[in-house]
Every structure is written in structure tokens, then in C-alpha cells.
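Reviewing the structure listed below.
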Amino acid sequence: MGLLALGTALEWPEAKKKADQVRQWGIEQLLANWRRAKGKERDALLWGDEVEYLVVALDDAAKKARLSLAQAEILKSLARDEALWTGGSGSDGEHGDHVGEKPPHFHPEFGRFMLEATPGEPWGIGFKDLLKVESNMKWRREVAKAHMAPNESPITLTTFPRLGTKDDYIQPYYPPSGPALRSQFVPDEIANPHIRFPTLAANIRSRRGRKVELNVPVFKDQNTPSPFKDPTVNYDLHQWPEDADVRNGAAKDDHVYMDAMAFGMGSCCLQITFQAKNMTEGRKLYDQLSPLGPILLALTAATPIYKGFLVDTDVRWNQIGAAVDDRTPEELGEAPLKNDRWRIPKSRYASNSTYISQDPRLRKEYLDPDLVVDEDIKKKLIDGGMDDQLATHFAHLFIRDPLVIFSEDLEELDLHKGDHFENLQSTNWQHMRFKPPPSDKDDIGWRVEFRSMEIQITDFENAAFSIFIVLITRAILSFDLNFYLPIPRTTENMETAHARNAVLDSKFYFRKDPFGRRAPRHAAQHSSHGSTFSSTTSSAVNTPPPSPPLGPVETEYELMTIAEIVNGCPDGFPGLIPLVESYLNSVNVDVETRCFLASYLDLIRKRADGTLWTGAKWIREFVAKHPSYKHDSVVSEEITYDLVKAVEEVTAKEGKNGSIGWELLRGRKN
Ligand code: GSH
């Protein structure tokens, strides 16, 4: 979450009138910036992680866990803390090993109960930086905690189990409902009060013509009523016109029904951003990481509860997609096209639909046949000098309307800024994001953001997944790996990742041979690149064998389990971990570092083969074994308190002794 602009935000009918102007100005800014930055070379190879937290308040006397809405006070206190800016944590002196490390940055997020933290400066090229990630994440948690009330803690559950119930689950308490969200379950005060957020929520609802609609299949336990009719839905409200949504069939049988952006954007994730050495490398990383999005979503699955019920899905992704889905009935295909321009197959929060690299291995059969593109914008970009592929990418993002427009920004177009471009870019929440350098900062290069992962309960896990993705990018670049898959297969994989226990029980489309048609079969043959990561994009040193003619695209990939994708299958895909190991063998890594990295890779390996559980599985087991659980899918206040308490204790303990030490990671076989 970048800096939040201020101004007079337009309500939807006004914003709609200005949408074209913002799009046109956004494209002008993009072109000006692209011309300036397209030749940028040798940017430092940097990366950064973003960790999102829920702030919970525990009331031990009443045995209640609530969400604390103290985001603004906590952020203010963090900003005021002088010690934070001088290199010390300002707390208990346990952080001697952080001397010289810049203090972490904290940022607001959508929920007024959320915080986001990033390292004080991006991680660099050296392996030594990888060793700092976990302790830095723990440091962030402790710094945040030091600025909270004694009974408050930052926890890294993706969602709060009883968000939107009739309990007093927020502190301070506000009853539903308000003019922005018009939810029958949550008050407007649940969202960050900065004008961007209520405006986003209200304009999504207005553009759509009704409230957003989240129907998550309930997990049918032995005592769950069948059919399940969400007992929390009130069909008799008449405060807002939108209260009629449920009378018009918005709440589906056998589903948990939710009606507001907060149920989606109130979820926490783990995002990783990479700075590439130049635009070409950034475009390559964008393409090659894209098929990994659903795989990492299933591996990090941690979201089995919504609004007090166990659900039959394990991840947050589609729920956020629905929570910000501003498509009109015409765009959704529910009404004939009359006023709108297109049918649009996906929400603005969805898996990505474009490939952007000018890689000769990118076959046209991989592209999305359903891609919707604004042809006028594409022409403008091509006339401005941009290549077809990148122009297609941006002309696809620009089919959306800008949602938050400040009237002050419409007076003059400033080509040295990127605000109108960012307006569209930052509300296209796809699982990969390609980020041009900000126009006013020369020291930032082309970046790629990997956005699908769920936040993990412990920092050990969060560090493991961050480092795993970093090492995969190194292997991709060093061995020139080819993970290309037709985009519709990635879209399907994203759906597959939602199934309960998809990590073990589902199969995903994946490319069989990652060495494509150019790189050698044995990646480990490569020579050493020294003790820093190689960022060479063409290190396939062997002369390529003559290529046989290309076969049908369908023969290039097959359905695999996550275990096969991660750990490899005999005579088939070599496995992501073996590829990373090959990369590590090809560079000089000292023994200590290698051992450290091995513990992270081991977590991923065992998560994939089922030896270790996902967070979703651990939470399900926790609920199922709770003495008060009635096997009716209901996650009560009492269970929620015990769950939050367990999660809070585990992370606090992990922070103190640095050990993993808890059931989730202890290695129980299913
Ligand atoms: N928490 C989200 C997730 O679990 O995927 C990701 C964060 C996110 O997309 N936040 C929204 C946003 O607009 C808040 S409304 N972030 C800024 C951006 O994407 O540029």
C-alpha cells in the first residue's frame, strides 16, 4: 500500500463521467514514463516482502477475541517513535542483531483492524540477506506489538473467524450498517476511514448496481443442516435499497453469504516484489512466475472459516475477487449488452490474463482467447512506440473504470507524475503485477509483484515462502526455465486451488519440461556464479541442440499433484525444490547459509507431500477437536477465542526462542 492521496473524492455518477479522462491521462503518463524508463539498465537486483496482520484484542476475563480498530492510533504511535528511526527497536534490547538494519515500515490496509509491514529497506542480492528475513519479520511483529495496548497483538491469520457475526467482535463496537458498505453484517467503521477506502467500496457497489455478493460453500459436517440456509441473513431489512438484494436471491443455499468489500479486502496475504535489472528481465519474470501463482496459493492455504462457519474452501482468493467485483449485469453476461462495452470474464481481483515477455518460447496458443482489450487504447500505445504485447497488457488493464477520482487531480495533466496511471493499475488486483518505475524516482527500476500467497501463522513459514519464491526467480533466470502454460489453464488452476485440501487432493496443470527448447537438461552443470545471486537472463551456456518441430501445446503440460510439482516426479517434471537445489549447487553458498536455507526448503517440501499441514488444515483440526464444537460447522466465540489465543501464543513463543515448536510444523502425517 503506497502513499494515500487526499482530496475530494467523486461519488460514482460523477466519477463515471470522468472515467475516460482519467484513462486517457493515465495512458499519456504511462507512455511518457515508458519512453523514459524502457532503456533503464543494470538496476540493482532487489526484492521485498509485505506481511499483513490482523490486530486482535484479547479479553481474557470474558474469553473473547475481538478485532481492534486501533489502526490509526497504532500507526501514529509507530511514526512518533523516535527510537524506530535510529536503528534500535525501542523495546527490550533483544534485537542486537538488528543494529545497522533499517527499522521496518508500517502501512495502513483496507481493514481498520489491519496493518502491513515491510522491511526498512529492500533485501539485496547477497545470500546473507536471506538469513535476515525471518528475524526481521519477528522484529516487525515485536515493534508493532510495542505500539499496541497490552491486550492487543498483531496476528497473521488471513481472516478473523467471526467477522460479520452478530457478536461484539470489534472494539470499539459499531453496529451495522452505513452508507458506504450498506452491509447488513458489518459497519462502515470496519474499513480504514481514509477517503480512498469507503469511496472504493461505495463506488464498486454503485457501479455494480447492487451490493457485492460472496457465497462461500459451507463445510457440511455431520450435524450441519442440509440444505444449509445461512441463519445470519436478515431478509426483513428496509434501510437501504440494497437490503432487497437478499430478497432477490443474493444468498444461496448451502453457502455462507457475505455482502461487503471488508469480507474480502479484510484478508491478509504475503506479497513479494522483485526489482529486475531491466524491463526485459521484469517481463520474463512476470510470465514465468505466473503459472506458479495457483500452486503457491494451494501450498499456503490458510482460510477455512468465514463469518463464524467452517467453509468448504481453503483459500481467500475468490472471496476477495467477489468482494471487489464492480462488473455490471451487462458485463457479467446477465443482461444483453446495451450501455456497457464488453462482457468481462473476470473480476478486477483475479488471476492474470496476459503474458508480456518477448520470449521466443511464448507461443500464441498460450494466450488467453477470452482477453478483453480496449483497442483504442492499444492503438494509442502502439502509435506511441510500445510493442504489441505490452500494449495489449495495459490495454487490457484499462478496460476497467477508475474507481476513486479526486476532482483536484483533473485540472492539469502532469506527465512527470503517474497518478492517473496508478489509479487504474492499483485497482487491477491480479495475481502478478508488472510495475513500471515510478516516474519521479530514478533509483527504482522495473518490478514484478507476486500476490497470490496467503499469510502464514508463523514468521518461520512467511520467511520460508518468501525465500522459496526468491530462489525460484534465481533458478528461472539462471537456467532460463520455461514454465509457460496456456493462460486458461492457470485460470483453472486458480479455481482448483480453492478446494478443501487441494494441496494434497487436487491436480494442477503444469509444464512437463521446464528446460523448454533451449536450455540444457541438467541445470546443475552450470558453472558457479559467485556468492551473490546471478541475474543473468541467458546463462544457458551450452549450445542448444537442434529443436524438433513444435508439437501440439496440449502435449507440453499435464495434470500433476503439488507434491510432483514441488518435489518432482520420476521421469517427469524435475520439481521446483530440486531446481532450486540445482541452482544453489551452481553458486558458492557457504555451509551455514545452505543449512539455514535447507530448513526453509524442507518446510515447502513437506507441506507439498503432506508431512506438514497447511494453516487451513491446522485450523480445521483445531476447530474439530475443540470440546465445544458441535460438528455443525459453527465456529463459536469460544472456539475463536481459543484459536486466536493459540495463534498468538505460538507466534510469541516462536519470537522468543527462535524455534518453530508447534503442532502445525511438527510433522504430523494426515
Ligand atoms: N490483502 C490483499 C490480499 O489478501 O490479496 C492484498 C492487498 C491489497 O490488494 N490491498 C488493496 C489495495 O488496493 C486495498 S483496497 N492495495 C494497493 C494496491 O494494490 O496497489
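Taking 0.36 nm per residue of separation and subtracting the current Cα-Cα distance, fully stretching the chain between ASP254 and ASP167 would add 29.1 nm. Along its first, second and third principal axes, ordered by size, the stretch 192-264 spans 45, 24, 17 Å in Cα coordinates. Label zone (GLU375, point 7 Å along Cα-to-C-beta; backbone nitrogen cut-off 20 Å) within the stretch 315-337: 331, 337.
Listed values for the stretch 266-271 are Karplus-derived 3J(HN,Hα) couplings in whole Hz (6.51 cos²θ - 1.76 cosθ + 1.60, θ = phi - 60°), namely x, 9, 10, 9, 10, 10, and x replaces Gly and Pro.
Where Rh is the Kirkwood radius over the Cα pairs of the stretch 240-357, the temperature 10 °C and the viscosity 1.306 mPa s, what D in µm²/s does Stokes-Einstein return? My calculation gives 93 µm²/s for D. Label-to-label distance for LEU559 and LYS76 is 5.6 nm, based on points extended 7 Å past Cα in the beta-carbon direction.
In the stretch 321-409, the inverse of the mean reciprocal separation of distinct Cα atoms equals 14.7 Å; this is its Kirkwood hydrodynamic radius. Assuming 0.36 nm per residue, please report the length gained on full extension of the stretch LYS653 to ILE125 beyond their Cα-Cα distance. That works out to 187.0 nm of additional length.
Per residue, the accessible area of the stretch 404-497 comes to 26 Å², computed with a 1.4 Å probe over protein heavy atoms only.
Taking amide H positions as modeled 1.01 Å from N, with prolines and chain starts lacking one, the residues under 5 Å from VAL256 and 5 or more places away or on another chain are VAL216, VAL218. Average projection, convex hull of the Cα set of the stretch 118-220: 10.8 square nanometres. Solvent-accessible area per residue in the stretch 170-265 equals 40 Å², computed with a 1.4 angstrom probe and all protein chains kept.
Per residue, the accessible area of the stretch 1-76 comes to 47 Å² when a 1.4 Å probe rolls over the protein heavy atoms. Of the accessible area of the stretch 102-151, with the probe set at 1.4 angstrom, what percent is carbon plus sulfur? Percent of accessible area from carbon and sulfur atoms in the stretch 102-151: 62. The per residue volume of the convex hull around the alpha-carbon atoms of the chain is 160 Å³. Given the pairs LYS63/LYS145; LYS307/LYS630; LYS252/LYS625, which are separated by over 25 angstrom at their Cα positions? Where the Cα-Cα span goes over 25 Å, the pairs concerned are LYS252/LYS625. Tell me the carbon and sulfur percent of the accessible area for the stretch 18-62, rounded to whole percent, probe radius 1.4 Å. Roughly 47 percent, rounded to a whole number. So in the chain, what percent of DSSP beta bridges are antiparallel if you round to the nearest 5? Rounded to the nearest five, the antiparallel share is 90 percent.
For the pair GLN222 and GLU11, label points projected 7 Å from Cα toward Cβ lie 5.4 nm apart. For the chain, leaving out every one of the trypsin sites (Lys or Arg not before Pro) that falls in a DSSP loop and has at most 10 other Cβ atoms within 10 Å, the longest unbroken run is 43-337.
Just the protein heavy atoms count here, and of the accessible area of the stretch 263-386 at 1.4 Å, carbon and sulfur take up 50 percent. Placing pseudo-labels 7 Å out from each Cα toward the beta carbon at ASP388 and ARG247 gives an inter-label distance of 5.4 nm.
Amide H contacts of VAL311: PHE219, ILE305, TYR306, each under 5 Å away and 5 or more positions distant or on a separate chain (H built 1.01 Å from N in the peptide plane; Pro and chain starts excluded).
The values are calculated or read from the model by the stated rules, or taken from the named source; none is laboratory data. From a predicted model like this one, the values you see are computed outputs, not experimental measurements. When we count neighbours, we look across all protein chains shown, and the Cβ atoms used for this are built from the backbone with ideal geometry, even at glycine. When the accessible area is computed, the model is the full protein with side chains, heavy atoms only, and any ligands, DNA or RNA have been set aside. Shrake-Rupley method; radii C 1.70, N 1.55, O 1.52, S 1.80 Å.
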